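Shown next, in structure tokens, is the structure this report addresses.
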Amino acid sequence: MQPTYDISKSTHWNQENGPLFEGNVPKRTEYPNPTKLWNFDLNSPLGIPAGPLFNSKFIKLYADLGYDTLVYKTVRSVERQAHPNPNIVFVDKTKITRDRLGEDVNTIPEPENIEDVTITNSYGVNSLTIEGWQADFAKAKAGMNEGQLLILSCMGTHGIDRELVEDYVYTASAAKDAGAQAIELNFSCPNLKGAKTGAIYMDPEISSEITQKVKAAIGDIPLIIKLGHYEDRNLLNEILRKNAPHVDGVAAINTIKMKVYTPDGQQALPGEGRLTSGLCGSAILPFALETVQKIAEEKNGQSYNFEILGVGGITSPEDIDKHLEAGAKIAMTGTAAMWDPLLAYKYNQYKLNH
Ligand SMILES: Cc1cc2nc3c(=O)[nH]c(=O)nc-3n(C[C@H](O)[C@H](O)[C@H](O)COP(=O)(O)O)c2cc1C
């Protein structure tokens, strides 16, 4: 494994010194046929979701490594520091089963193989000021290559002068001003408390109020919502029904929440509100695939127009194909791309031989 991020160091250190990458960047594979996403002709169906691209320097590396749809990590309308280190720990993937969702999981030492890498990540959605991220986004855009797309992920913030819904609109408008080619709304961060219920992706009313107002503000720019994993299929269908008229894309899934302990029973991520945090990496693949499949079934059944961006649990070329076969137009890998940045290259080699 060849991590581009040093989990023993702070977020700030990684933003200043990252991405870590030694060796040559392989030449990008040119695909014979483009992947059509809205009006964009993308070289490949490979991407990286909101998160592992910590700033424009990370975007430049991963664009050159052949990930063609990149999402700039979620930004806010107000500056926010990241939670203190550790922000990432490895967890025991064998404990993340359907009957144990929401329960506890233990930390483990760094695994040797990418298929065993499941982590929890806990940042609290750190953000620069609007001026700060707009300037860095401009640099990131300048680093993109032909046949690539840069999406900007944003969200509203609780407890500031603007109301949550209005802050979503305000932040998305700032994303439009930054030159975003598409905008993703983070509705599913595990640290987010929804205005009426839990996270916004579980709330049909608030989510659709936000998408309707944001769409009115950003006009033609494609709008994507980032959803999580649903135990209740009817709720997922209702969310899609209420949001489909306003959105152009649905990205799923975000992380899955569990309580994370060290093997001797201590809270793994120190600090208030950090016992429960979001898990991602290999263990969440089945949950991501079933969600993508359900969204695709509903999209086809109801003739919705949005595109599906599949996210979650990919660690191998075969997993990328599973997401595409489940109905995703773009398959995105977060955790695995951090520890195996050559995964896009490996996928392209694998496709040439299959
Ligand atoms: C380091 C890290 C930071 C993340 N930050 C965000 C974020 O800011 N916004 C967001 O919507 N998702 C965020 N995510 C979640 C990812 O977009 C993705 O949904 C999740 O990791 C599942 O994909 P994976 O199993 O390939 O990692 C983050 C993930 C990681 C690994």
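Mind listing whichever residues of region 112-129 are more than 16 Å from the ligand (Cβ to nearest atom) and buried (at least 18 other Cβ atoms within 10 Å of the Cβ)?
At the first step, the residues of region 112-129 found to be more than 16 Å from the ligand (Cβ to nearest atom) are 112, 129.
Of everything in region 112-129, nothing turns out to be more than 16 Å from the ligand (Cβ to nearest atom) and buried (at least 18 other Cβ atoms within 10 Å of the Cβ).
Return yes or no: is Asp177 under 20 Å from the mean Cα position of the chain (by Cα) and at pLDDT 95 or above? Walk me through it before giving the result.
Details: under 20 Å from the mean Cα position of the chain (by Cα): no; at pLDDT 95 or above: yes.
Criteria not met by Asp177.
Can you tell me which residues in region 220-246 are without any contact (Cβ under 8 Å) to a residue 40 or more places away in the chain and assigned to a loop (DSSP other than H, G, I, E, B)?
Kept after step one, since they are without any contact (Cβ under 8 Å) to a residue 40 or more places away in the chain, are these residues of region 220-246: 220, 232, 234-235, 238-239, 242-243, 245-246.
The answer is Asp220, Asp232, Pro245, His246.
Give the number of residues within region 19-38 that are part of a strand (DSSP E or B) and surrounded by 14 or more Cβ atoms within 10 Å (Cβ to Cβ).
Residues meeting the conditions: 2.
One line per residue, one yes/no per condition, for (1) surrounded by fewer than 18 Cβ atoms within 10 Å (Cβ to Cβ); (2) at pLDDT below 95; (3) outside any helix (DSSP H, G or I):
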| site | (1), (2), (3) |
| --- | --- |
| Glu110 | yes, no, yes |
| Phe137 | no, no, no |
| Tyr170 | no, no, no |
| Leu185 | no, no, yes |
| Ser188 | no, yes, yes |
| Gly198 | yes, yes, yes |
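Looking at region 282-293, can you tell me whether even one residue there is part of a strand (DSSP E or B) and either touching a strand residue (DSSP E or B) at 6+ places or on another chain (Cβ under 7 Å) or at negative phi (or both)? It would help to see each step written out before you state the result.
Taking region 282-293 as the starting set, the residues that turn out to be part of a strand (DSSP E or B) are none.
Checking region 282-293: not a single residue is part of a strand (DSSP E or B) and either touching a strand residue (DSSP E or B) at 6+ places or on another chain (Cβ under 7 Å) or at negative phi (or both).
Scan region 267-281 and give yes if some residue there is touching a residue at least 12 places away in the same chain (Cβ under 8 Å), farther than 22 Å from Lys95 by Cα and part of a loop (DSSP other than H, G, I, E, B), otherwise no. Let's see the steps before the verdict.
Within region 267-281, the first condition is being touching a residue at least 12 places away in the same chain (Cβ under 8 Å), and the residues that meet it are 268-271, 273-281.
Narrowing the set further to residues that are farther than 22 Å from Lys95 by Cα leaves 271.
Those still in the list that are part of a loop (DSSP other than H, G, I, E, B) too: 271.
Within region 267-281 (the criterion being touching a residue at least 12 places away in the same chain (Cβ under 8 Å), farther than 22 Å from Lys95 by Cα and part of a loop (DSSP other than H, G, I, E, B)), the answer is yes, since at least one residue qualifies.
Does region 16-26 contain at least one residue that is more than 28 Å from Gln267 (Cβ to Cβ), away from the ligand (no atom under 15 Å from the Cβ) and within 18 Å of the chain's Cα centre (by Cα)?
no
Find the residue count for region 73-103, including only residues that are within 12 Å of the ligand (Cβ to nearest atom), closer than 26 Å to Ile130 by Cβ and in contact with a helix residue (DSSP H, G or I) (Cβ under 9 Å, 6 or more places away or on another chain).
Summing the residues that are within 12 Å of the ligand (Cβ to nearest atom), closer than 26 Å to Ile130 by Cβ and in contact with a helix residue (DSSP H, G or I) (Cβ under 9 Å, 6 or more places away or on another chain) in region 73-103 gives 6.
Quickly run through region 1-18 and pick out the residues that are assigned to a loop (DSSP other than H, G, I, E, B) and over 20 Å from Ile114 (Cβ atoms). Lay out the reasoning, then the answer.
Pass one, region 1-18, residues assigned to a loop (DSSP other than H, G, I, E, B): 1-10, 18.
Selection gives Lys9, Ser10.
State yes or no: is Ile225 modelled with pLDDT of 95 or more, more than 16 Å from the ligand (Cβ to nearest atom) and surrounded by 17 or more Cβ atoms within 10 Å (Cβ to Cβ)? Give the derivation first.
Values: modelled with pLDDT of 95 or more: yes; more than 16 Å from the ligand (Cβ to nearest atom): no; surrounded by 17 or more Cβ atoms within 10 Å (Cβ to Cβ): yes.
So Ile225 fails the test.
Results for (1) hydrophobic (A, V, I, L, M, F, W, C); (2) out of contact with any strand residue (DSSP E or B) (no Cβ under 7 Å at 6 or more places or on another chain); (3) buried (at least 21 other Cβ atoms within 10 Å of the Cβ); (4) not in a loop (DSSP other than H, G, I, E, B), shown as yes or no for each residue.
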| residue | (1), (2), (3), (4) |
| --- | --- |
| Ile59 | yes, no, yes, yes |
| Tyr62 | no, no, yes, yes |
| Tyr67 | no, no, yes, no |
| Leu70 | yes, no, yes, yes |
| Thr74 | no, no, yes, yes |
| Ser77 | no, yes, yes, no |
| Ala82 | yes, yes, no, no |
| Asn85 | no, yes, no, no |
| Thr94 | no, yes, no, yes |
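If you take the residues of region 275-298 that are closer than 20 Å to Asp232 by Cα and β-branched (Val, Ile, Thr), which of them is farthest from the ligand (Cβ to nearest atom)?
Result: Ile295.
Kindly provide the set of residues from region 139-168 that are surrounded by 21 or more Cβ atoms within 10 Å (Cβ to Cβ), touching a helix residue (DSSP H, G or I) at 6+ places or on another chain (Cβ under 6 Å) and not in a loop (DSSP other than H, G, I, E, B), ordered by number.
Selection gives Ala140, Leu150, Leu152, Cys154, Tyr168.
Output the residues belonging to region 299-354 that are within 14 Å of the ligand (Cβ to nearest atom) and part of a loop (DSSP other than H, G, I, E, B).
Across region 299-354, the qualifying residues are Gly312, Gly313, Ile314, Thr315, Ser316, Ala328, Thr333, Gly334, Asp340, Pro341.
From Leu65, Leu70, grab the single residue that is under 23 Å from Ala142 (Cβ atoms), in contact with a Phe, Trp or Tyr (Cβ under 7 Å, 6 or more places away or on another chain) and within 15 Å of the ligand (Cβ to nearest atom). Give the steps one after another, and end with the answer.
On the way: Leu65 fails: within 15 Å of the ligand (Cβ to nearest atom).
One residue alone meets the criteria, Leu70.
Which one of Val105, Val125, Val117, Val169 is touching a residue at least 60 places away in the same chain (Cβ under 8 Å), among the β-branched types (Val, Ile, Thr) and over 29 Å from Glu16 (Cβ atoms)? Break it down stepwise before answering.
Working: Val125 fails: over 29 Å from Glu16 (Cβ atoms); Val117 fails: over 29 Å from Glu16 (Cβ atoms); Val169 fails: touching a residue at least 60 places away in the same chain (Cβ under 8 Å).
Being touching a residue at least 60 places away in the same chain (Cβ under 8 Å), among the β-branched types (Val, Ile, Thr) and over 29 Å from Glu16 (Cβ atoms) holds for just one of Val105, Val125, Val117, Val169, which is Val105.
The values are calculated or read from the model by the stated rules, or taken from the named source; none is laboratory data. Everything numeric here is computed off the predicted structure, so don't read it as measured data. With ideal geometry, Cβ positions are generated from the backbone for all residues, glycine too; neighbour counts draw on all protein chains shown.
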